[in-house]
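Peer 1: Please see the structure below; I have some questions.
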Amino acid sequence: MSKIQAPKGVSEYFPPRSQYFEFVRETLISSAQISGYQLMELPVFEDTELFKRGVGESTDVVSKEMYTFEDRGGRSITLRPEGTAGVMRSVIENNLDKLTLPLKVWYSGAFFRAERPQAGRYRQFYQVGIEAIGLDDPEIDFEVIAVADRAFKKLGLKSYRLDITSLGDAQSRATHRKDLVAYIAKLDLDEATAERAALNPLRLFDDKREEVRAAMKDAPLLLDYLSPESAANFAKVQELLKSAKIDFTINPRMVRGLDYYTGTTFEFVSEKLGAQSGIGGGGRYDGLMEELGGNNLSGIGFGLGVDRILMACEAEGIFDSSVVRSEIDIFLIALGSDEKAYVSNLVNELRNSGISCDMAYGDRALKGSMKSADKSGARFSAVIGADEIKSGSLALKDMKSGEAKEVRIASLITEFKAN
Ligand code: HAM
């Protein structure tokens, strides 16, 4: 029979590399948790309209990359391409903005974009994200950036940079837009590009084509149009980053791939990855909640790309054996088939007491079972035959030193609890 393959461009993790994936994801999550963010577990699919309105129709994400289908009830459903719109939908629907503000949440899971697959760019990929809703304050902008930076430093990453800019408030953007549209009107653009520019003129800063880049060289920059209040906010964010010794570069041409951004926006870029070097990004989205039918509350957050961060960690060679420490404390081997049931029961009892253990399955010779013990990465192993069952004690072998000590089987649980 022919083999079935995974759909094109999905990322997947299996042992042993899945241990590194888990380590990266948990490190990112714990940076959010120690900063007071709480879990939000959201559906993987949503009403298509949520992303059209929330993320914006000028974006590649919405116009080209959504996995959209009709469900059995004839509704248009889309697999989530990002997390912020879903968080907002849930906040509005469940009145979470009536709780103490800012509401600070984190999420982690799979996201879907029908992009052209390449190294570091997948059609199903993983993000850890946070959102802080209901507070428009430079301190919270700083906090969000610091949560990501702390996670990267905790992982041991060194070769990355932080780009920041500000998209200002509504007034700053309106004044800039007028000049930018006038500038763009003088350019000779193809129809598709002109259409994109009409939806969101900032998109042209993000165009990878050399001729468009050249044409945009002298375009007015939003950073030069910040209202006094926006400029003061942005200056404060920079000041806080400096005092926390978080290095950054101001990149006034940075355009995020989603339309909801306002104010402080940022991207973390790894210097060790190829074309797909963005390991995380985010920013403020002060009009999004209202656009989705909720109250006029501000928000800021980020999404970190777990797949790419794992690749960056590998490229920087920062994983050592401490990351892949085995979960297994003790590996038990039944000497013959008569002892199998006894060992099986003992393993079950040890697990009931919270001790991590495993056993050799199947009818392997002792040598093969010893190999399994080695492979399991267990700290200790023991062989149980008729003698051990009769005497009620076994030789507990330390897998690193090779030394063995006699231990009463009945006291195995207390022995391990003490360790
Ligand atoms: P984003 O910049 O579109 O932002 O995605 C965040 C991160 O997800 C990227 O920096 C990248 O590491 C990873 N990523 C995106 N697409 C792919 C892909 N096809 N394959 C692998 N990794 C990918 C957002 O999604 C916003 N929701 C972030 C945010 C939260 N802004 C405010 N709050």
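Values quoted throughout were computed directly from the atomic coordinates according to the rules given, and no laboratory measurement underlies them. Since the structure is predicted, the reported quantities are computational estimates derived from the model, not experimental observations. With ideal geometry, Cβ positions are generated from the backbone for all residues, glycine too; neighbour counts draw on all protein chains shown.
Peer 1: Return the distance in nm (one decimal) between the two label points of a simple spin-label model at Thr68 and Ala404, each offset 7 Å from Cα along Cα→Cβ.
Peer 2: 6.7
Peer 1: Moving to a separate point now. If amide H atoms are built 1.01 Å from N in the plane of the peptide, which residues on other chains or at least 5 residues away come under 5 Å of the amide H of Leu135?
Peer 2: Ser298
Peer 1: If r is the Cβ-Cβ distance from Lys3 to Asn352 and R0 is 35 Å, what FRET efficiency results, to the nearest 0.05?
Peer 2: For Lys3 and Asn352, the calculated efficiency is 0.35.
Peer 1: What distance in nm separates the simple spin-label points at Ala170 and Ser321, each placed 7 Å from Cα in the Cβ direction?
Peer 2: Using points 7 Å along Cα→Cβ, the separation is 6.1 nm.
Peer 1: Can you tell me how much longer the chain between Asp179 and Ala244 gets when fully stretched, taken as 0.36 nm per residue apart minus their C-alpha distance, in nm with one decimal?
Peer 2: Once the chain is fully extended between Asp179 and Ala244, it gains 19.8 nm.
Peer 1: Moving on. Residues of segment 7-40 with the amide nitrogen closer than 11 Å to a label point 7 Å from the Cα of Ala110, along Cα-to-Cβ, please.
Peer 2: 7, 10-13, by backbone N distance to the label point.
Peer 1: Grab the DSSP H runs of the chain that are 4 residues or longer, score each as -39,500 (n - 2.57), total them, divide by all residues and round the 222 nm result to the nearest 500 deg cm²/dmol.
Peer 2: Roughly -11000 deg cm²/dmol at 222 nm, from the helical runs in the chain.
Peer 1: Spelling out what I want: for every residue of segment 8-13, take phi, set θ = phi - 60°, compute 6.51 cos²θ - 1.76 cosθ + 1.60 (Karplus), and round to whole Hz; glycine and proline get x.
Peer 2: With the stated coefficients, segment 8-13 comes to 4, x, 8, 9, 9, 10 Hz.
Peer 1: Here is a follow-up. Efficiency by 1/(1 + (r/R0)^6): what FRET value for Ala365 and Ala386, r their Cβ-Cβ distance, R0 = 22 Å, to the nearest 0.05?
Peer 2: 0.80
Peer 1: If you filter segment 197-265 for trypsin sites (Lys or Arg not before Pro), then keep DSSP loop positions with at most 13 other Cβ within 10 Å, what is left?
Peer 2: Of the trypsin sites (Lys or Arg not before Pro), the ones in loops of segment 197-265 whose Cβ has at most 13 other Cβ atoms within 10 Å are Lys208, Arg209, Lys217, Lys245.
Peer 1: Here is a follow-up. For segment 31-89 and segment 396-410, what is the separation of their Cα centres, given in Å?
Peer 2: Cα centroid of segment 31-89 versus Cα centroid of segment 396-410: 53 Å apart.
Peer 1: Taking θ = phi - 60°, what integer Hz values does the Karplus form 6.51 cos²θ - 1.76 cosθ + 1.60 yield along segment 256-266, in sequence order, with x for Gly and Pro?
Peer 2: Per-residue couplings from phi come out as 7, x, 10, 7, 7, 6, 9, x, 4, 10, 7 Hz.
Peer 1: Then there's this: Amide H to amide H, which residues 5 or more places from Thr262 or on other chains are under 5 Å from it, using H placed in the peptide plane?
Peer 2: Answer set, sorted by chain and number: Arg284, Tyr285, Asp286.
Peer 1: Taking Lys64 as the anchor, which lysines have their alpha carbon closer than 21 Å to its alpha carbon, excluding any fewer than eight residues away along the same chain?
Peer 2: Once the sequence-local lysines are set aside, what remains near Lys64 is Lys8, Lys52, Lys208.
Peer 1: Once each part is reduced to its C-alpha centroid, what is the distance from segment 312-388 to segment 212-268 in angstrom?
Peer 2: Centre-to-centre (Cα) distance: 54 Å.
Peer 1: For segment 330-418, what does the relative contact order come out to in percent, with C-alpha contacts under 8 Å and a separation of six or more? Kindly include the intermediate steps, with their values, before the conclusion.
Peer 2: On the way: 119 pairs, mean separation 26.7, N = 89.
30 percent.
Peer 1: Starting from the 7 Å offset along Cα-to-Cβ, what nm value, one decimal, do you get for the label separation of Thr414 and Ala146?
Peer 2: 4.8
Peer 1: Looking at segment 260-339, which trypsin sites (Lys or Arg not before Pro) are DSSP coil and have at most 14 other C-beta atoms within 10 Å of their C-beta?
Peer 2: Answer in residue order: Arg325.
Peer 1: A follow-up question, please. Roughly how many debye, to the nearest 20, is the charge dipole of the chain about its Cα centre, given +1 on each Lys and Arg Cβ, -1 on each Asp and Glu Cβ, and no other charges? Intermediate results must be reported in sequence, preceding the final value.
Peer 2: Working: 54 positive and 63 negative charges, 214 e Å.
Roughly 1020 debye for the chain.
Peer 1: For segment 269-419, please report how many Lys pairs fall under 25 Å Cα to Cα, leaving out neighbours fewer than 8 apart on the same chain.
Peer 2: The result is 25.
Peer 1: Skipping prolines and chain starts, which residues have an amide H placed within reach, meaning under 5 Å, of the one on Gly109, given they are 5 or more residues away or on another chain?
Peer 2: Counting only residues 5 or more places away or on other chains, the set is Gln127.
Peer 1: Considering only the other residues whose Cβ falls under 14 Å of the Cβ of Gln5, what net charge follows from Lys and Arg at +1 and Asp and Glu at -1?
Peer 2: Cβ neighbours under 14 Å give a net charge of +2.
Peer 1: Return a whole-number percent for the relative contact order of the chain, with Cα pairs under 8 Å and 6 or more residues apart as the contact set. Walk me through the numbers before you get to the answer.
Peer 2: Numbers: 710 pairs, mean separation 68.6, N = 419.
Over the chain, the number comes to 16 percent.
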